[in-house]
Amino acid sequence: MQFIDLLSQKDRIRASLLKRIERILDSGQFIMGPEVTELESRLAAYVGTRHCVSCSSGTDALLMPLMAKGIGPGDAVFTTPFTFVATAEVISLVGATPVFVDVSPDTFNINPDLVGHAVDQAVQQGLKPKAIIPVDLFGLPADYELLDAVASDYRLWMLEDAAQSFGGSIGGRKAGSFGLVGATSFFPAKPLGAYGDGGAIFTDDDELYALLRSIRVHGSGEDKYSNDRIGINGRLDSFQAAVLLEKLAIFEEELATRQRIAEAYSERLQGRLVVPRIPKGYRSAWAQYSVLAASTEERDHLMQALQQAGIPSMIYYKIPLHLQKAYHNLGYVAGDFPVSEDLSGRIFALPMHPYLKEEEIEQICSVLLR
Ligand SMILES: Cc1ncc(COP(=O)(O)O)c(C=O)c1O
């Protein structure tokens, strides 16, 4: 059994994708070809923003808005310690300081009630509070109604880390469209995955859009060889755009299947394990289906039982970022973020992809229930 099956899908898109790939081969437009422009307009229409800037990864999609807004040394950017390292890494890359805020125990997303305290702490340390990066963990959008209010109270601008939540929504409004700017990832294992690295940035802000396009190509000005600012090579290639265009065509159908699979898991596992709670009006993109065991010992025991039955499972995230060696310099200690630490000790993720069969779900659940 696969944890994420990346191969079953390919036969559905094979013929049309090969046609697109042949066109690129024959045209020689390998970088920023017409596929990239077509993809950007389709993605913007899907997410519901005025602009989309495709780029080379989800990490660059987070980095570029920080560069565009001039975030740097002395600035505090708030995010959670219960996320993939890239969320905090980009803050460090621009020279700013990540300031962590614990998550809510029910959604695993940033707890808006704790942001104010973190802002006060940052100010006491002599930092300038600038921005907040909520993460839509495992595909579930964060609580943007409360976050919008907190962000405006503290005059922070918001960068949504929608790396895992492309396709998720709140009241029909799509992930990627919250805050000033949203960033997503097309890493192959993501809900909408390329056949390589890729990412995209979404915004309604015209000025930011222009800056992001410049930063994506080495800070280019009017032409490629006039450089107005420091940028990166953050382009998406035409092959990946072609893959994403074909996958986008079947994406809603795949999301509906993910939703059915999540419901099937929850129905069977409820009462035995803590299953994901999706607030009313929210839709998760189900990048992961993660459950909580009662203790670390029980988690080890259940994961071992799954492994013996040939079923893969994973832990996202075993070490919260404030306890990672790379962030030792920030001075956090165990106990600083009790919810994230508790989740790290009990969480584990089950196989989740749109091609998971009913018998496989049955088998996974029967091992866990036994
Ligand atoms: C929450 C989160 N943020 C950022 C990223 C970075 O995306 P990428 O791997 O495309 O650089 C990921 C992907 O793994 C992620 O899960």
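Please indicate, with yes or no, whether at least one residue in the stretch 168-182 is touching a residue at least 60 places away in the same chain (Cβ under 8 Å), surrounded by 24 or more Cβ atoms within 10 Å (Cβ to Cβ) and closer than 26 Å to residue 20 by Cα. No, the conditions are met nowhere in the stretch 168-182.
The residues listed here are 94, 115, 47; of these, the one that is within 16 Å of the ligand (Cβ to nearest atom), surrounded by 15 or more Cβ atoms within 10 Å (Cβ to Cβ) and under 21 Å from the mean Cα position of the chain (by Cα) is 94.
Could you tell me whether any residue of the stretch 1-20 is in contact with a Ser or Thr (Cβ under 9 Å, 6 or more places away or on another chain), among the polar types (S, T, N, Q) and modelled with pLDDT of 95 or more? Checked against the condition, which is being in contact with a Ser or Thr (Cβ under 9 Å, 6 or more places away or on another chain), among the polar types (S, T, N, Q) and modelled with pLDDT of 95 or more, the stretch 1-20 yields no hits at all. Taking the listed residues 39, 18, 63, the one that is surrounded by fewer than 14 Cβ atoms within 10 Å (Cβ to Cβ) and either outside the structural domain of residue 364 (by TED's automatic domain parsing) or farther than 17 Å from residue 162 by Cα (or both) is 18, with no other qualifying.
Just to be sure before I move on: is residue 267 more than 30 Å from residue 19 (Cα to Cα) and either at pLDDT below 95 or within 13 Å of the ligand (Cβ to nearest atom) (or both) in the structure I sent? It is false that residue 267 is more than 30 Å from residue 19 (Cα to Cα) and either at pLDDT below 95 or within 13 Å of the ligand (Cβ to nearest atom) (or both).
Residues in the stretch 72-89 that are surrounded by fewer than 24 Cβ atoms within 10 Å (Cβ to Cβ), in contact (Cβ under 8 Å) with a residue 40 or more places away in the chain and either assigned to a strand (DSSP E or B) or more than 15 Å from the ligand (Cβ to nearest atom) (or both): 2 in all. If you filter the stretch 187-235 down to residues that are in contact with a strand residue (DSSP E or B) (Cβ under 8 Å, 6 or more places away or on another chain) and among the acidic types (Asp, Glu), you find that the one that is surrounded by the most Cβ atoms within 10 Å (Cβ to Cβ) is 205.
One line per residue, one yes/no per condition, for (1) modelled with pLDDT under 95; (2) of a type in the set (D, E, K, R); (3) more than 16 Å from the ligand (Cβ to nearest atom):
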| position | (1), (2), (3) |
| --- | --- |
| 146 | no, no, yes |
| 149 | no, no, yes |
| 153 | no, yes, yes |
| 157 | no, no, yes |
| 162 | no, no, no |
| 167 | no, no, no |
| 171 | no, no, yes |
| 187 | no, no, no |
| 201 | no, no, no |
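Within the stretch 184-208, being under 16 Å from residue 135 (Cβ atoms) and either assigned to a loop (DSSP other than H, G, I, E, B) or of a type in the set (Phe, Trp, Tyr) (or both) holds for 187, 190, 191, 202. Taking the stretch 248-285 as the range and being farther than 26 Å from residue 145 by Cα, over 18 Å from the mean Cα position of the chain (by Cα) and among the charged types (D, E, K, R) as the test, the residues that pass are 253, 260, 267, 268, 272. Of all residues in the stretch 204-247, those satisfying the criterion of being touching a residue at least 40 places away in the same chain (Cβ under 8 Å) and β-branched (Val, Ile, Thr) are 215, 230, 232, 243.
The values are calculated or read from the model by the stated rules, or taken from the named source; none is laboratory data. No experiment lies behind these values; they were computed from the predicted model shown. In this analysis, Cβ positions are derived from the backbone assuming ideal geometry, glycine residues included, and neighbour counts consider all displayed protein chains.
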